[in-house]
Structure formats: C-alpha cells, structure tokens
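Undergrad: Before anything else, here's the structure in question.
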Amino acid sequence: MPLRALITAVAMVGGLFASLTREHLAAAPAKPHRVTVHKAATAPTGAASPTPTSAPTPSVSATKLLGQRIMVGMNGTSAPAWLLSAANGGQVGSVILFAQNIVNRSQLRSLTGSLQRAARDGGNPPLLIAVDQEGGQVKRLPAGPPDLSPPQIAGTGSVAVASREGRATGNYLRGLGINMDLAPVVDVPTFSGAFIWKQGRAFSLHSSAVAKYATAFALGIQSAKIVATAKHFPGVGSAGVDTDNKLDVLRPTQAQLSGALAPYRSLIPRGLDAVMVSTAAFPAYDPSRTVSALSRPIIQGLLRGQLHFKGVTITDALGTPTGHDEITAGALAARAGSDILLYTDSAPGELSALQSALRSGTLKLSDAKASYARIVALKKRIAS
C-alpha cells in the first residue's frame with residue numbers, strides 16, 4: 001500500500017476508536033462520590049506515623065474520610081445505640097472514656113470490645129479509644145499505673161523509672177482495650193502558681209527535666225503499642241487558670257516560649273505518636289489571638305513546619321472556651337490542621353459541618369486526605 005494511503009487509513013481507524021470511546025464514557029453510569037486516599041508507609045514500633053506516600057489504597061466515602069477525625073464521649077457504662085451505629089457507619093473514628101464510664105475490668109473490656117466490633121463490622125479501621133491516664137490526680141483508672149505522679153517520677157532522678165512507669169501504663173491499658181493515652185503532660189510551668197504545677201501534673205519546673213522524663217514515659221507507653229499524646233502544645237505552663245475553664249491569652253517571654261518547646265524537640269525526633277494542641281492563644285505565634293487548636297500558624301507553621309512533626313494532632317476538648325461554639329470550633333480546627341477533633345459529648349452536627357466545609361472548599365480535600373492517612377497509619381501501627 002502506498003505510504004500516503006496507509007497514513008490515511010490509520011487516521012480513520014484512530015478517529016473511529018476515539019468516537020466509540022467518547023460514546024462509551026458518556027453512556028457510563030455515574031458512580032457514588034468517593035475519595036481516593038494514599039497509604040502511609042508503615043512506621044517502626046514507637047515511631048510516629050509518616051506522611052502519606054503515593055501507594056494507592058481503595059477509595060473511601062466522604063463520610064468515612066471525615067468521620068475518622070471525630071472523637072466523641074458517651075454517657076453510661078455500656079455503648080449506647082447511637083454510638084454503635086456511628087462507629088459502624090464510620091461517622092466517628094475515636095471515643096474518649098471518663099471515670100463515669102468505668103466500673104470494673106470486665107465491664108470495661110466488654111465496653112471497648114463492643115465498640116471495636118461495631119467499627120469492624122462496618123468495614124472501618126479500629127477505633128482509637130482514649131483515656132487520660134497521666135498519674136497523680138488525673139487517672140481515669142485509679143487502681144492502674146502509673147503508680148507515681150509526674151513530679152514523683154522526676155523526683156526519683158531515674159529515666160529508667162519513667163520508662164518503666166510508661167510501659168506499665170501502656171500494658172495495663174492494652175489489656176482493657178484502651179489504645180490511646182492522653183498523656184504525658186509536657187508543659188513547663190513558669191511559676192509555682194501555674195495551674196498545671198498546682199495540680200501536680202507537670203514533671204518539673206525545669207524544661208530539661210520535663211523533656212527527659214516525659215520522653216522516657218511516652219516512649220514507654222508506645223513500646224506497649226499504645227498511643228502516647230504529648231500535651232498541651234505549644235505549652236500552657238504560664239497559665240494561672242486551667243484552660244479548660246477560661247479562654248486564656250498567654251504571653252510567655254521568649255525564653256519561656258523556647259523552654260516550652262524543649263520537650264517536643266526531644267520527643268518528635270524519637271517518634272512521638274500524637275500531640276494535643278491547647279485551647280490557649282499565643283500572640284507570639286499567631287497575632288490574631290486564635291486559640292492554638294484552631295490556629296494554622298501554630299499547627300502547620302510551628303508544629304509541622306519548624307518542629308517537623310509528622311504524627312497525629314488532636315485538639316483539646318472543643319467544648320472548652322475557644323471563642324466559638326463547639327461545632328464551629330471543630331470545622332475551624334480541621335481547616336487549621338488538627339487531625340482529631342475532641343468532643344466530650346456526641347458532637348451533634350460536627351460531621352455535617354465538616355462535609356459542608358469540604359463541599360465549599362473551606363476545608364481542602366488534600367488536607368482531609370492527609371489527616372485521614374495519618375490517623376489510619378497510626379491505627380495500623382498500634383494494631384500490628
């Protein structure tokens with residue numbers, strides 16, 4: 001066949017194929033809206049969840065993508081129907097328990113087991129089930145470790161004791177179906193009247209000591225495949241009143257700001273799992289006086305940018321004073337980069353608020369995917 005005729009024939013076949021392909025695509029039925037996320041590389045035991053990689057994973061619905069970010073509380077000592085349904089449907093990803101939810105070991109194991117079964121039966125990742133088991137005054141399980149309060153741990157002068165107390169705490173929680181400890185407190189009190197010091201929750205008045213013992217305690221927890229959570233970023237050691245009760249604008253000196261970051265500079269390179277971001281405002285970091293948990297400069301600029309934290313962020317309780325109602329606060333926190341939004345109630349309306357923010361573009365899809373990937377990678381680490 002002459003060359004010119006051959007070229008003409010090939011062009012005709014190509015045009016016919018393109019036409020058929022367009023007709024096939026036009027006739028294809030629309031698929032439900034789903035979001036493709038990317039799997040995070042598996043982290044070694046005790047290491048923080050890395051940032052997402054390009055390895056593809058099955059897509060998830062927008063509901064499940066956002067539901068993983070919601071932590072709720074509950075009333076009573078057995079899982080209510082609404083919570084089992086939400087866990088099954090992927091509308092929540094985490095649960096926080098308080099003393100009022102706990103009677104004894106067998107009851108607690110039954111409660112945590114029923115919650116995890118509901119999530120599993122819905123094809124969801126395991127729930128994070130969290131308590132505050134700091135030691136001293138703040139122990140949701142008074143009979144369990146740690147046996148020493150943070151100041152007592154530091155008072156021993158032994159890093160080995162801190163590590164042992166953390167490991168014992170992690171093993172104890174694991175046996176009860178709890179996989180996240182909202183501890184240790186790594187705040188550095190700047191004066192003896194600081195609420196965190198008066199409550200006996202801080203390791204020391206000295207940043208180097210806080211860094212040393214908090215690091216050992218946190219890594220001890222993580223060695224039991226329990227999530228350790230350093231709090232309350234970027235440090236509420238200069239607050240005289242508990243930030244759970246007052247919207248506080250804190251103005252530490254530059255030296256105090258630097259000292260408050262010392263524990264994080266110690267923990268983050270060693271693979272800290274999670275950081276709880278406070279509901280105090282710090283004009284030194286964010287001149288708008290936006291509270292930290294809702295502040296993009298503090299979360300993305302300071303914590304992730306300057307300190308290079310790649311793990312999971314969680315807000316302090318959003319029902320505490322933030323300058324907003326708790327549902328608005330949750331949407332703002334998600335937009336700022338908080339991965340998990342902590343509620344002590346059922347968070348009514350929060351999922352809808354997040355879905356609206358995603359549809360409108362005020363919550364970026366790329367940010368939502370990144371948060372989902374970090375949370376799921378963390379859950380995979382502690383479940384392995």
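Undergrad: Within the stretch 168-219, how many residues are assigned to a helix (DSSP H, G or I) and of a type outside the set (A, V, I, L, M, F, W, C)?
TA: Number satisfying all stated conditions: 11.
Undergrad: Taking the condition under 28 Å from Phe195 (Cα atoms) and free of Cβ contacts under 8 Å to residues at least 60 places away in the same chain, does Gln107 pass?
TA: The answer is no for Gln107.
Undergrad: How many residues are surrounded by 24 or more Cβ atoms within 10 Å (Cβ to Cβ), more than 20 Å from the chain's Cα centre (by Cα) and either assigned to a helix (DSSP H, G or I) or among the hydroxyl-bearing types (Ser, Thr, Tyr) (or both) if we restrict to the stretch 252-290?
TA: 1
Undergrad: Kindly indicate the residue of the stretch 83-102 that is among the β-branched types (Val, Ile, Thr) and closer than 14 Å to Lys139 by Cα and also surrounded by the most Cβ atoms within 10 Å (Cβ to Cβ) among those meeting that condition.
TA: It comes out as Ile96.
Undergrad: Filter the stretch 334-350 down to residues that are surrounded by fewer than 22 Cβ atoms within 10 Å (Cβ to Cβ) and either over 17 Å from the mean Cα position of the chain (by Cα) or in contact (Cβ under 8 Å) with a residue 60 or more places away in the chain (or both), then give me how many there are.
TA: Residues meeting the conditions: 5.
Undergrad: Does any residue of the stretch 108-122 turn out to be under 19 Å from the mean Cα position of the chain (by Cα), closer than 23 Å to Leu378 by Cα and assigned to a strand (DSSP E or B)?
TA: For the stretch 108-122, residues under 19 Å from the mean Cα position of the chain (by Cα), closer than 23 Å to Leu378 by Cα and assigned to a strand (DSSP E or B): absent.
Undergrad: Which of (1) surrounded by fewer than 16 Cβ atoms within 10 Å (Cβ to Cβ); (2) under 17 Å from the mean Cα position of the chain (by Cα); (3) without any contact (Cβ under 8 Å) to a residue 60 or more places away in the chain is the odd one out, the single condition Ala331 does not satisfy?
TA: With respect to (1) surrounded by fewer than 16 Cβ atoms within 10 Å (Cβ to Cβ); (2) under 17 Å from the mean Cα position of the chain (by Cα); (3) without any contact (Cβ under 8 Å) to a residue 60 or more places away in the chain, Ala331 is out only on (1).
Undergrad: On to the next question. Which residue pairs have Cβ atoms under 6 Å apart, sit 6 or more places apart or on different chains, and have a first residue in the stretch 199-226 that is farther than 14 Å from Ile153 by Cβ and a second that is in a loop (DSSP other than H, G, I, E, B) and of a type in the set (A, V, I, L, M, F, W, C)?
TA: These pairs meet every condition: Ser207/Val188.
Read the figures in this text as sums done on the coordinates, not as results from a lab. Since this is a predicted model, take the numbers as computed values, not measurements. Every residue, glycine as well, gets a Cβ built from its backbone with ideal geometry; the counts of neighbours run over all protein chains shown.
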